[in-house]
């Protein structure tokens, strides 16, 4: 949504101010602010809203101000407030709230360059002044791009992780049913390839390894707690083919189902009548 707006506007930087202390940020007219934390963290509260912990960036929209920036007691914090406008002035620009990035070094480098450009570089001609204004605008656009792009990536990742965790809950509850990659990936709302990659990244195991380990753990419990036959236990944990179950069981536990059953039989249970 923000990128669709950004295509049609030009952000122009008005001011960048370093700070280390608490303050109230009053938004006026069509001005927008970016609060960028360089060290430590802040508590930021918009009018009539609960404070938000800010460790990276926060976009202030004039409709929700003033903003109360609080530096935690006994903590040292460095941050800057970038004041900018968007052109044309009648444009829609709704950016508001926490911003996240994995490119903090790039952001901080551009902040230092903006501060240097604003306060250290003297221009000696109209053309040179225009060049510096254009440079500041490019850096402003770059900062916005990084925050918007990487904040969106973070939200997509959070959504993907939630989908993986939902299918994990389903697997843990329905391990005895037929579980397939196509079915689980559809349930997660993603392609089979994407699901496979994210599943292993999240669990450290492939889907099949995870399912087999889960089923064998359930089978071990049944061997220890019941006097069911091995074939019955195989079916209860999701294996239609007993010989496949036996191979997987031995590969994971190091013992065949029959040996494991003999060594872990419930007390006071006579299995000879069941074999």
Given the DSSP H assignment, sum -39500 (n - 2.57) over each helix run of at least 4 residues in the chain and divide by its residue total; what's the result at 222 nm in deg cm²/dmol, nearest 500? -16000 deg cm²/dmol
Between the helical axis of 207-225 and the dominant principal axis of the chain, each derived from Cα atoms, what acute angle in degrees is found, rounded to the nearest 10? 40 degrees
Against the longest alpha carbon principal axis of the chain, how many degrees, from 0 to 90 and to the nearest 10, is the axis of helix 192-203 turned? 90 degrees
Scattering from the C-alpha atoms of the range 1-150 alone, worked out with Debye: what is log10 I(q)/I(0) at q = 0.21 1/Å? -1.46
Quick one: Cα convex hull volume of the chain, Å³ per residue? 207 Å³
How far is helix 242-253 tilted off the main Cα axis of the chain, in degrees rounded to 10, range 0 to 90? 60 degrees
Obtain the nm distance between the two label points defined at residue 100 and residue 118 by a simple spin-label model: each point lies 7 Å from its Cα along the Cα-to-C-beta direction. 2.7 nm
Output ordering of 150-157, 212-219 (per-residue mean of other Cβ within 10 Å, highest first) is 212-219, 150-157
Between 145, 68, 243, find the one with the highest GNM mean-square fluctuation for the chain; connect C-alpha pairs within less than 10 Å. 243
Given an 8 Å cut-off on Cα distances and at least 6 residues of separation, report the relative contact order of the chain as a percent. 15 percent
Can you tell me, using C-alpha contacts under 8 Å and at least 6 residues apart, the relative contact order of the range 174-275 as a whole percent? 27 percent
Protection proxy ranking, peptides 224-232, 52-60, average beta carbon neighbours within 10 Å, highest first: 52-60, 224-232
What nm value, rounded to one decimal, do you get for the distance between residue 200 and residue 256 when each label is placed 7 Å out toward the C-beta? 3.3 nm
At R0 = 45 Å the Cβ-Cβ FRET efficiency linking residue 162 and residue 134, nearest 0.05, sits at 0.60
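Quick note: the coordinates plus some simple rules give every number you see, no bench work behind them. For clarity, every value in this text was computed on a predicted model and none was experimentally measured. Every residue, glycine among them, receives a Cβ derived from its backbone with ideal geometry; neighbour counts consider all protein chains shown.
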